[in-house]
Amino acid sequence: MSSLDKAVQTQIDNIQKKTGKSLAEIASIVEQSGLTKHGEIRDLLKSTLGLGHGDANAITHVILKSDGARAAEEKPLQAVLDEIYAGPKAGFRPIHEALMEHINKFGEFEIAPKKGYVSLRRKKQFAMIGPKTNTRFEVGINAKGLNKNQRLLEQPKGSMCNYIVNLTDIKEVDAELVAWIKSAYEQAG
């Protein structure tokens, strides 16, 4: 079992403890609701079980067997990157490469490709990078205590990342952004 699989299992175990319901019981709630769309199921779990967005999203993926890791499994990293940076998002590949050039200097970490982005992990995820739309690249950063900054968008509690930085140009991969990611890397270790 990879460390990513272990992390997902730990999250599921924690959700079961928080809610007092087994995965089968949670799946039954979803089945009885008749809902089939990811967002509707996630919102149902948030409202009925009091889960945060990240936990509700994760358990929805498990129930629907739709997580980005499954979409990317068994594929080499370069093949996943070619899919992520295809078509109108191809212009964001240089941003990805520039970020990875800096991040690779930090030390050891795991790259966990997903369907539309790449998760970067040590003991826990420290960053997510990839195109969010055809016109915007997103860097998710899991760090605490970063100084407020106009570029650094704080996310609601329970989100997959504490902060988001939106990029549209490779020039925005600067020392400030790299320092934020490095802080997250160090905290994840």
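From the Kirkwood radius over Cα pairs of the chain, Stokes-Einstein at 37 °C and 0.692 mPa s returns a whole-number translational diffusion coefficient of 187 µm²/s. Pairs from the list Lys18/Lys46; Lys37/Lys115; Lys65/Lys115; Lys17/Lys144; Lys105/Lys171 with a Cα-Cα gap above 21 Å: Lys17/Lys144. Rounded to whole Å, the principal axis extents of the Cα atoms in region 77-187 read 37, 29, 27, largest first. Note on the chain: GNM, Cα springs under 10 Å; of Gly116, Gly39, Gly145, the largest mean-square fluctuation is that of Gly145.
Calculated from DSSP H runs of 4 or more alone, at -39500 (n - 2.57) each and per residue, what is the 222 nm mean residue ellipticity of the chain, nearest 500?
Rounded to the nearest 500, the figure is -14500 deg cm²/dmol.
In the chain, taking the dipole from charged Cβ atoms about the Cα centre, the farthest positive-side position among Gln125, Thr10, His38 is held by Thr10. Taking the Cα centre of the chain as origin and assigning +1 to Lys and Arg Cβ atoms and -1 to Asp and Glu Cβ atoms, the resulting dipole is close to 380 debye.
Laboratory data are not the source of any read-out in this text; all were calculated from the coordinates shown. Quick caveat, the model's predicted, so the values are computed rather than measured. Cβ coordinates were reconstructed from backbone atoms using ideal geometry, including for glycine residues, and neighbour counts include every protein chain displayed.
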